[in-house]
Amino acid sequence: MKYYLVIPHIKIQNANCISSPLTYGFPAITAFTGAVHALSRKLTETFDVKLEGVAIAAHRCDVQRSRPNNYASDWSFIQSRHPIKKDGNSPSIIEEGYAHLDVSLVIEVIGDMDWNPQEKQLFCDAVYLQLMQQRLAGGSVLSIGTAQRRIQLHNDPKGDNEAIKAIKIQISPSFLLMDSQQALIKHTKKLQAKHPDKTALGELEKLASWIKQGLSGEKFVLLHIETYAKVGSGQEVYPSQELILDKGRKSKTLYQIDEAAAMHSQKISNALRTIDTWYPDAQFPIAVEPYGSVTSMGTAFRQPKAKADFYTLFDAWVLKDQELTLEQRHYVAAILIRGGVFGESGKE
């Protein structure tokens, strides 16, 4: 018998957010699989079950970091001060990276049982008590669930859309790490039908080579990308409006394709490049613009007087050979990918 255990909104304090020697920001997946394995061993003592795979849905991730020196330096982790040693000296600092998390877990439960609602609730209560006592991704579990969402044990949906929807509602809205390996395998098989010598690794290397050539200016590269977004029930969508210059016509006319409201490419492009969290005192991401302009707010977040605009940083990096911080380099590169006219003034 198979069930799916949904543990919603686990609030974790000081989880380890260094996932590898090169990356940080969210705990390694093995931190969660290890916690589920430990939970499975504890539950096996009372219940004849085994916890298998786990899906991780992230609702919030607050990395504990700071950027001193008036935002002129890179981010650094906020370190905790340990007690003074017996001789009065300060102990050595071991750099640690922490994050406060709000995540939900969906765990596969395998066992030879057919539980009634009371037995399911007993199992969920045992999961709650055990999980509150153990650490998760190196952090402390502060609370589990909300007033509306509690730990639940669902029967195997077996393709039932309504049963699957009930699980999705418990973990929405959230970000999930999806495995796209099957899509790559499908594409490789389709390619190998005509070219048997082709491999998945070779195709990925070819794509990386195209991107490199386009960014370095070796070749003109145009990639055609198709994406699909699954919109949840009741989720608001804001289609684009047409610019109507004829005052005799209706002023508010939605852009449409095949009699269905749609979005202009400019709106999609603006959403894709809303990644600028590198501007001074950043509170939220804005679209990548030379002066950080947000027309809806009437504000330019990258003022030249603060030396945070693209032209100042670009001149300092390229013409004056000055070193920029990593985040400033990210911003300049994003502007170059966005495109524009960057020629020098004839007066200079």
Connecting every pair of Cα atoms under 10 Å apart in the chain and solving the GNM, the largest mean-square fluctuation among ASN116, ASN155, ASN270 falls on ASN116
Ranked by GNM mean-square fluctuation in the chain (Cα springs under 10 Å), the top entry among PRO239, PRO83, PRO173 is PRO83
Whole-percent tail of the Cα-Cα distance distribution for the stretch 156-229, cut at 16 Å, equals 71
Under the helix-only model (-39500 (n - 2.57) for each DSSP H run of 4 or more, divided by the residues of the chain), the mean residue ellipticity at 222 nm, to 500 deg cm²/dmol, is -9000 deg cm²/dmol
re the stretch 273-338: pairs of Cα atoms spaced beyond 21 Å account for a percent value of 15
Expressed in angstrom and ordered largest first, the alpha-carbon extents of the stretch 1-154 along the principal axes are 60, 37, 31
When all Cα-Cα pair distances of the chain are considered, the percent exceeding 35 Å is 47
Connecting every pair of Cα atoms under 10 Å apart in the chain and solving the GNM, the largest mean-square fluctuation among GLY145, GLY34, GLY217 falls on GLY217
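Quick note: the coordinates plus some simple rules give every number you see, no bench work behind them. Predicted model, so just to flag it, every value in this text is computed and none were measured.
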